[in-house]
Amino acid sequence: MFTSLKNLLPSTLNRFGMGRQARAALICEHYRTHAPTLIHPNVLAHTFPKYYRNQALTVGVENAAWAHLVAQKKVALMKQLRSDFPDLVIERVTTQLASEEEKQTLFKKKH
């Protein structure tokens, strides 16, 4: 029987004091790979996972209109995250407007 890397990696990194960062990276990567099953690709093109901390995933958005569309899927996102990460407490999904620098880096040429 195989142990999932998703389960093995954080426990190994915990031994080196890096477990919290590993969990945050896994949750952000989960948004990148699983959000397309819940959120329309046109909306996803204007979002990105910013960070996971204090039991919340924060999704960066280009503007308030995209934040509203992500907010409509918060419950489904949390349900999926809780299902895929049962050992973590995930209390909420929040949105945050992207900084001007993030907009230049992440959203240029996507329009």
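Do any helices (runs of 4 or more DSSP H) lying entirely in region 1-46 carry at least 1 residues that are of a type outside the set (A, V, I, L, M, F, W, C), at pLDDT below 90 and within 17 Å of the chain's Cα centre (by Cα), and which ones are they? Step through it out loud before you land on a result.
On the way: elements: 5-15, 19-34, 41-44.
Result: 5-15, 19-34.
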- Query: How many residues does region 57-111 hold that are more than 16 Å from the chain's Cα centre (by Cα) and crowded, with 18+ Cβ neighbours inside 10 Å?
  - Reply: 1
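Matching residues to (1) at pLDDT below 95; (2) assigned to a helix (DSSP H, G or I):
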position	(1), (2)
Trp66	no, yes
Ser83	yes, yes
Ile90	yes, no
Val93	no, no
Gln96	no, no
Gln104	yes, yes
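Kindly indicate whether Phe48 is within 19 Å of Thr33 (Cα to Cα) and out of contact with any helix residue (DSSP H, G or I) (no Cβ under 7 Å at 6 or more places or on another chain).
On the way: within 19 Å of Thr33 (Cα to Cα): yes; out of contact with any helix residue (DSSP H, G or I) (no Cβ under 7 Å at 6 or more places or on another chain): no.
When the stated conditions are applied, Phe48 does not pass them.
The values are calculated or read from the model by the stated rules, or taken from the named source; none is laboratory data. Because the structure is predicted, anything quoted here is derived from the model rather than measured. A quick note on method: Cβ atoms are made from the backbone with ideal geometry, for glycine too, and the neighbour counts reach across all protein chains shown.
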